[in-house]
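Heads up, the thing below is written out as structure tokens.
The values are calculated or read from the model by the stated rules, or taken from the named source; none is laboratory data. Predicted, not measured: the structure shown is a model, and the values here were computed from it. All Cβ positions, glycine included, derive from the backbone under ideal geometry; neighbour counts span all protein chains shown. Keep in mind that these areas ignore ligands, DNA and RNA; they rest on the heavy atoms of the full protein, side chains included. Shrake-Rupley method; radii C 1.70, N 1.55, O 1.52, S 1.80 Å.
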Amino acid sequence: MDTLPEHPSAILLPELAELIRREATQAEQEGALTNKQIALAIQQQWFTMLVPQAYGGLEKALPDVVRLEEAIAWADGSTGWVVTLCAGAGWFGGFMQEGFATAIFKDKNSCLAGSGAASGTAEITDGGYRISGKWWHASGAPHNTVFTANCRLHKNGVAVMDEEGQPVIRAFAFLRQEVCITPTWHSLGLVATASHAFEVTDLIVSAERMFVIDKDVTVTPGALYQYPFLQLAEVTLAANLCGMALHFLEEAEQLTHPKEKEIPAVVLQVLDKETAALDEARKLFYSVLDASWQQQLQADTVQNELLLQVSEAARALALQSRMAVDLVYPWCGLAAADKRSVINQVWRDIHTASQHNLLLYPRTTSA
């Protein structure tokens, strides 16, 4: 890709971006997305854009999803993060049993989220499982209708092991009324994501609540559910950090370019350099993402070498997003340190999002 990818402002309609930003301060004060932000996401079907069409979802092409999520995060970090994590959980619909998936997605307000940590146990019973556990971060917890969580399988009180001697871990889905939500989210940024903990105790569920995230056993056909989960998660999260960084640089430009005084040359140099570096990282990122998606469509698989390039480009974009913000921040003055300012909120959001270990170097998981 020789040309710069479209700016988020060309992806997200101006009136939608304006609504999201207008509500951002109230959302942070309340510690959760506002009713208007949630209503917008539902109206636009953002929470279900990765859900199979068979269940009423959009089943959008992955490159389109990533660009949209970057644009929403550019409008507001918390909104982008919640949409991304909830839409990502909706992707699990492609692996759930048809009857259960049909039941949960018939609700037009359906919104899935949960945790990938295997901090629960699922005791195998006749016809189902008895589950107990606590999971610490479910973005959008106040409005989630279904929670997904990983559990270690147990049988007769003993952990089930696979052929390599590793604990068998499976994903499960719980209905909202089955979980207890604990307000544990007290982060520096992404305050309105309300990524609270949830737990269940001795919850009996049927076998259809368990699903396996594996392209070889997907229930729903289609390229979207054959694309590897690791890279799907990496590119969607990296796009969020980039969207926040683009917003930060725009706010920084306004602060560092006051009309009433001359701007030191070093400030202009730093801002221009970091903006250019982020542009280059975005070009590479979208180039390999688009190439991997085309390969998935044409060959029904993505070669391992290209998947590694996707992972590397995602990490490079996340890194450059953090670097750009950190190198420009010192030149933004005390206004950037005022927790009431937009630029400070964006700064706090990206530094909270950057704590997600999936995008840290070096990559420890093979493609």
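Show me 240-249, 346-355 ranked by packing, highest mean number of other Cβ atoms within 10 Å first.
On the way: 240-249: 28.3, 346-355: 23.2.
Ranking the peptides 240-249, 346-355 by packing returns 240-249, 346-355.
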Taking a spot 7 Å from the Cα of Asp107 along the direction of its beta carbon, which residues of region 48-84 have an amide N less than 15 Å from it? 48
What ranking do 86-93, 231-238 get when scored by the average of other Cβ atoms within 10 Å per residue, highest first? 86-93, 231-238
Using only the alpha-carbon atoms, how far is helix 77-90 inclined from the longest principal axis of the chain? Give it as 0 to 90 degrees, nearest 10. 30
What is the sum of charges around Leu175, taking Lys and Arg as +1, Asp and Glu as -1, for the other residues whose C-beta is under 12 Å from the C-beta of Leu175? 0
Cα-derived Rg to Rh of region 222-333, Kirkwood definition: 1.13
Cα-based equivalent ellipsoid of region 127-190: semi-axis lengths in Å, sorted from largest, via gyration tensor: 28, 15, 10
Using 0.36 nm per residue of separation minus the Cα-Cα distance, give me the extension gain between Leu255 and Asp338 in nm, one decimal. 28.6 nm
Under a cut-off of 21 Å between alpha-carbon atoms, report the lysines in cross-link reach of Lys36, not counting same-chain residues fewer than 8 places apart. Lys108
Just want to confirm a number: the relative contact order over region 163-318, from Cα pairs under 8 angstrom separated by 6+ residues, in percent. 23
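With a 1.4 Å probe and every protein chain kept in, tell me what percent of the accessible surface of the chain is carbon plus sulfur. Don't skip to the end; give the middle numbers.
Working: 8790 of 16570 Å².
Exposed carbon and sulfur together represent 53 percent of the surface.
Calculate, for the chain, the solvent-accessible area per residue in square angstrom, rolling a 1.4 angstrom probe over the heavy atoms of the protein chains. Intermediate values should be presented prior to the final figure.
Details: 16570 Å² over 367 residues.
Computed with neighbouring chains in place, this is 45 Å² per residue.
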Restricting things to alpha carbons, tell me how big region 267-306 is in terms of Rg and Dmax, in Å. 15.2, 48
If you project the alpha carbons of region 10-167 onto the principal axes, what extent comes out on each, in Å, largest first? 56, 35, 29
Can you compute the helix-only [θ] at 222 nm over the chain? Use -39500 (n - 2.57) per DSSP H run of at least 4 residues, normalise by all residues, nearest 500 deg cm²/dmol. -15000 deg cm²/dmol
Equivalent ellipsoid semi-axes, region 180-247, via Cα gyration tensor eigenvalues times 5, rooted, Å: 28, 25, 7
Mean shadow of region 78-193, computed from the convex hull of its alpha carbons, in nm²? 8.6
If amide H atoms are modeled at 1.01 Å from N in the peptide plane, then the residues at a separation of 5 or more from Ala117, or on another chain, having amide H under 5 Å from its own are Asn150
Based on the alpha carbon coordinates of the chain, what radius of gyration and maximum Cα-Cα distance (Dmax) apply, in Å? 20.9, 75
